[in-house]
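Notes to accompany the following structure.
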Amino acid sequence: MGFRIDRRRVVQVVATLLVTAAVAATVYRVLAPAEVSTVAHAAYPAAAQPPVGVIGRLPVAPLIVDGRLRVYAGHRQVYADAPVDGRYRTTPFWSYRRWPAELVGVVASGTTVVSRWSDGRLVALDARDGRVAWRADGPVPQHRSSVRRTGSATVWDPVGLYLTRTPDGRDVLVATGDGEERGVDLTAGRELWRSEFGTPCRSDVGTTPTGQLVSVDGCAGEAAVEFRDAATGEVTSRWRPPGVTGELVVTPVGCRTATSGCSALRTAGPGDAAGRAWLVGAGAPVAAPALDGLDTQLAGEQVVGTVDGVLVGRSARTGTELWRRPDLGPGRVIAVQPGRVHVLTDARELITLDPATGAERSRFTLTVGQDSIGYVPGGVYAADGYVVVERLRQPVDPDADDQAHFLTSEPLVLAAT
């Protein structure tokens, strides 16, 4: 006795299997790990020479790269536009996207842009055309608080991502994560070293201009500042500031970008809000009393800060007064970069001074069009003669949503100084 075959049932089964296979293929294509690189089709732009003053406003925070491009961070994308002095954000010059990882940090040196992703992957792009220069595995980043829509924390202050240059001229990227850190050759992407450490007894602070990674290490007893060779990963010295007992807090000062290439440290113990400042370099840290106050900044070899309501420039090493500017009125230093100190007055004038002499380089009102000057400066970034300022609503509510937190839908004002 045989079995009767129901042709209609067979057709239905086959059709169901085909549909299931098609859906599975579609889901795989959509959800499978992937990267999309869209390289530049135009020539690499020349360095701009914009007139002094406000250039325009932007909805997201830029990283100025090589004085020619603006690089931005998206949720799962890093991209650039040009020209660097464009009034508005434009169509991407190049872009790079990964899925399903999220972008957590971006740093740049010369024409190399390094992106860091939530799965620990490090991807370097050539800023001149957006092509992938190298890929490397790094430690999984530590969790950080949510990033607001401007993305300023991702490009201006990336957690656990540092750059430095060794005395022999080698550029090194250091990536730190949950219990691990790695050194990577910036040019080739080759891993130079890796180290595991206990948490939370150790925390990284930043890098020095002389090729050292600075950390606070308390895993073996009383916390001390630890200096590690960024090219080899070897600890070269441990140092504890005199007079500090118990907990040790260390803050980098005078950094080239974010917490990279920092020429000084502020150290503080319990109940010591201001702490003491120290110049760091090839030898042991050197006390810099002129830099002790929290309202002072380090610009090269000069300390700039307010003394009795007057902006004063002093020698970082000797404390000798070099200049003073009682004519500026109420305000504060919001950023420094080589050869420039940027002061924002209460009237929202941006005044740029020479840190060595106090001479005025430029002055203008930091606003755009009909936008109000009644804002509070948030994040600030300065590079290659440009300044970018996040504008926040008054009064500042850190718990407010983005619409109530920022002054406008394009809250960043870009200026050339």
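The values are calculated or read from the model by the stated rules, or taken from the named source; none is laboratory data. Worth saying up front: this structure is predicted, and the values here are computed from it rather than measured. Using ideal geometry, Cβ is built from the backbone for each residue, glycine included, and neighbour counts are taken over all protein chains shown. For accessibility, only protein heavy atoms count, side chains too; no ligands or nucleic acids. Shrake-Rupley method; radii C 1.70, N 1.55, O 1.52, S 1.80 Å.
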Report summary line: Residues of region 375-415 being surrounded by fewer than 20 Cβ atoms within 10 Å (Cβ to Cβ) and under 14 Å from L350 (Cα atoms), in sequence order, are V376, P377, V380
Query raised in the report: Looking at this structure, is G243 at pLDDT below 95, of a type outside the set (A, V, I, L, M), in a loop (DSSP other than H, G, I, E, B) and open to solvent by 70 Å² or more (accessible area, probe 1.4 Å)?
Result: yes
Requested in this report: Please identify the pairs in which a residue from region 219-236 that is surrounded by 20 or more Cβ atoms within 10 Å (Cβ to Cβ) has its Cβ atom under 6 Å from the Cβ atom of a residue that is aromatic (F, W, Y), counting only partners at least 6 apart or on another chain.
Outcome: V225/W239
**Report entry** Residue tally, condition among the small types (G, A, S), assigned to a loop (DSSP other than H, G, I, E, B) and farther than 15 Å from Y381 by Cβ, over region 64-109
**Finding:** 4
Query raised in the report: Taking into account only those residues within region 340-359 that are touching a residue at least 24 places away in the same chain (Cβ under 8 Å) and within 14 Å of V52 (Cβ to Cβ), which is surrounded by the fewest Cβ atoms within 10 Å (Cβ to Cβ)?
Result: R340
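Return the residues of region 137-162 that are among the hydrophobic types (A, V, I, L, M, F, W, C) and open to solvent by less than 10 Å² (accessible area, probe 1.4 Å); say none if nothing qualifies.
Listed by number, the residues that qualify are V155, L161.
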Report task. Those residues that are in contact with a Ser or Thr (Cβ under 8 Å, 6 or more places away or on another chain), open to solvent by 30 Å² or more (accessible area, probe 1.4 Å) and among the charged types (D, E, K, R), I need them from region 47-96; list them, please. Result -> R57, D66
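Residue by residue, here is whether (1) free of Cβ contacts under 8 Å to residues at least 60 places away in the same chain; (2) under 19 Å from R240 (Cβ atoms); (3) in a loop (DSSP other than H, G, I, E, B); (4) touching a helix residue (DSSP H, G or I) at 6+ places or on another chain (Cβ under 6 Å) holds:
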position	(1), (2), (3), (4)
G261	no, no, no, no
T267	yes, yes, no, no
P270	yes, yes, yes, no
A274	yes, yes, yes, no
G283	yes, yes, yes, no
A290	yes, no, no, no
L294	yes, no, yes, no
Q297	yes, no, no, no
**Report entry** G313 being buried (at least 17 other Cβ atoms within 10 Å of the Cβ) and in contact with a Ser or Thr (Cβ under 7 Å, 6 or more places away or on another chain)
**Finding:** no
Report task. Just give me the residues in region 124-165 being more than 13 Å from the chain's Cα centre (by Cα) and part of a strand (DSSP E or B), in sequence order. Result -> A124, L125, D126, V132, A133, W134, R135, A136, D137, T164, R165
**Report entry** Tally, over region 266-305, of residues that are open to solvent by less than 20 Å² (accessible area, probe 1.4 Å), modelled with pLDDT of 90 or more and not β-branched (V, I, T)
**Finding:** 10
Query raised in the report: Within region 166-188, is even one residue of a type in the set (A, V, I, L, M, F, W, C) and over 20 Å from the mean Cα position of the chain (by Cα)?
Result: yes
